[in-house]
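Asker: Here it is, the structure, as structure tokens.
The values are calculated or read from the model by the stated rules, or taken from the named source; none is laboratory data. From a predicted model like this one, the values you see are computed outputs, not experimental measurements. Positions of Cβ are generated from backbone atoms using ideal geometry, with glycine treated the same way; all protein chains shown enter the neighbour counts. Protein only, heavy atoms only, side chains kept; ligands, DNA and RNA dropped before computing areas. Shrake-Rupley method; radii C 1.70, N 1.55, O 1.52, S 1.80 Å.
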Amino acid sequence: MSDPCRYFDHAATTPLAPEALDAMMPYLIGQFANPSSPYASGRAARRAVEDARAIIARCINAEPDEVFFTSGGTEANNWALGLAESHLVTSRIEHPAVLATCTYLATTGCATAYVDVDSLGTVVPEAFERALRPETTLASIMFANNEVGTIQPVRELASRAHAHGALFHTDAVQAFAHVPIDVQNMGIDLLSASGHKFYGPKGVGFLYARRGTPLRPFIHGGNQERRLRAGTENVAGIVGMARAVELSMVRLEEQASRETELRDRLIASVLRDVPGSYVQGHARMRLPNNASFTFDHVDGEALRVMLEQRGALVSGGSACSSGARTPSHVLRALGVPDERAQSAVRISLGRQTSKEDIDYLARTLKELVELLQAISLP
Ligand code: PLP
């Protein structure tokens, strides 16, 4: 960041990797041709798009013609959910890009079953299976939750969906390029991802759809993306995203173990030193970079603002609607009481996060939580 703030909100977005920017620059300035143009520079742009498709396909063990470029995770989710006909199964802790699409689908006659999660944020396979009906065409369960970081038993869920004749989609926006994903091995039929969550540019993402999936045209117009998603390709964005994917894949294990160590250091010191503190989500099956906390007798928005004043940017856990703060639907689904859920802060680490950053955050959290608890208690 250009200001001296310490950034702990990588689940919201990540900075663009310099290597991704370098890869994009030629396509923004000199090589600006349209990939559909027949002359040499157009053909070069087409090659760049197709090379990017092949790179991304390789990373999830898919074929290039199973990857469709989109404007990001929201679009990929909307597109995938369009495969639901009369009945869809999802979870209560999905991102609004899935939940709001289900609400829309209800207006078209498609009903949704929302599966509960356990107190760690896991979709229990038996509960998932009970929600599947003969008319269920699609199940959509996120790979990892964006608030509490819990990673779902995707392979098990996909296999149960298939046993009931349903396709399995996963919103992998938080997980892709952070944890290994193999669509063959895991039985994933559709997967959504978004460039800006793994050090690529904003406004670009992709949908993986297994060959043979009856995808419907999503944006009507020209012949791009095999006539399923029309519109001139975001060449620079696609190239930058593919470069960011390559970099993430090379560093995947090293990055994940570094983040896991820092995350566990933070969690241990908060639980040890901050009175009335709780961590949400699964201890082991969680994103390497996520730590979600709640505190007794703390106003979460005050805590977030005070952390910002002390130079630490984190995400709050409650949504503000018409002046009133409503606790997050995710924390509610985990059974966190509303009074405590409104105190939530989500910390998400990244490549630049250092041990000093973590220790600073732990110290500052202790000081501010104690202060807020002291003024809230009679
Ligand atoms: N799904 C999840 C789990 C997310 O965390 C996000 C963004 O935060 C999205 C979908 C939306 O992705 P995009 O910002 O690319 O539209």
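Asker: List the residue pairs whose Cβ atoms are under 9 Å apart, where the first residue sits in segment 350-378 and is surrounded by 13 or more Cβ atoms within 10 Å (Cβ to Cβ), the second is in a helix (DSSP H, G or I) and modelled with pLDDT under 95, and the two are 6 or more positions apart or on different chains.
Answerer: Every condition considered, the pairs that remain are Arg351/Arg251.
Asker: Let me ask another. I need the full set of residues from segment 151-175 which are within 12 Å of the ligand (Cβ to nearest atom) and either more than 18 Å from Ile93 (Cβ to Cβ) or of a type in the set (S, T, N, Q) (or both), in order please.
Answerer: Across segment 151-175, the qualifying residues are Gln152, Thr170, Gln174.
Asker: Modelled with pLDDT of 95 or more and under 25 Å from Ser159 (Cβ atoms) - does that describe any residue in segment 215-232?
Answerer: Yes: segment 215-232 contains one or more residues that are modelled with pLDDT of 95 or more and under 25 Å from Ser159 (Cβ atoms).
Asker: Something else now. List the residue pairs whose Cβ atoms are under 8 Å apart, where the first residue sits in segment 189-216 and is over 14 Å from Asp171 (Cβ atoms), the second is near the ligand (Cβ under 8 Å from one of its atoms) and part of a strand (DSSP E or B), and the two are 6 or more positions apart or on different chains.
Answerer: The qualifying pairs are Gly195/Gly205; Val204/Ser194.
Asker: Of the residues that make up segment 38-55, is at least one within 16 Å of the ligand (Cβ to nearest atom) and either assigned to a helix (DSSP H, G or I) or under 17 Å from His196 (Cα atoms) (or both)?
Answerer: no
Yes or no, residue by residue, for (1) under 21 Å from the mean Cα position of the chain (by Cα); (2) over 22 Å from Ala242 (Cβ atoms); (3) open to solvent by less than 20 Å² (accessible area, probe 1.4 Å):
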site: Tyr7; (1), (2), (3): yes, yes, no
site: Ala12; (1), (2), (3): yes, yes, no
site: Leu16; (1), (2), (3): yes, no, no
site: Asp22; (1), (2), (3): no, no, no
site: Ile29; (1), (2), (3): no, no, no
site: Glu50; (1), (2), (3): no, no, no
site: Ile55; (1), (2), (3): yes, no, no
site: Glu66; (1), (2), (3): yes, no, yes
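Asker: Note down all Cβ pairs under 6 Å where the first residue falls in segment 35-55 and is within 16 Å of Asn223 (Cα to Cα), the second is open to solvent by 30 Å² or more (accessible area, probe 1.4 Å), and they're at least six residues apart or on different chains.
Answerer: Pro35/Arg46; Gly42/Asn34
Asker: Evaluate segment 325-338: report whether one residue or more is touching a Lys or Arg at 6+ places or on another chain (Cβ under 6 Å), surrounded by 16 or more Cβ atoms within 10 Å (Cβ to Cβ) and more than 27 Å from Val124 (Cα to Cα).
Answerer: No, there is no match, as no residue in segment 325-338 is touching a Lys or Arg at 6+ places or on another chain (Cβ under 6 Å), surrounded by 16 or more Cβ atoms within 10 Å (Cβ to Cβ) and more than 27 Å from Val124 (Cα to Cα).
Asker: (1) part of a helix (DSSP H, G or I); (2) within 14 Å of the chain's Cα centre (by Cα): which one isn't true of Glu94, the others all being true?
Answerer: Here Glu94 meets the rest and fails (1).
Asker: Here's something else I'd like to know. Specify the residue that is farthest from the ligand (Cβ to nearest atom); the eligible residues are those in segment 204-224 that are within 16 Å of Ala52 (Cα to Cα) and of a type outside the set (S, T, N, Q). Give the derivation first.
Answerer: Kept after step one, since they are within 16 Å of Ala52 (Cα to Cα), are these residues of segment 204-224: 204-208, 224.
Within this subset, residues satisfying the condition of being of a type outside the set (S, T, N, Q) are 204-208.
Details: Val204: 8, Gly205: 5, Phe206: 10, Leu207: 11, Tyr208: 14 Å.
Among them, the one singled out is Tyr208.
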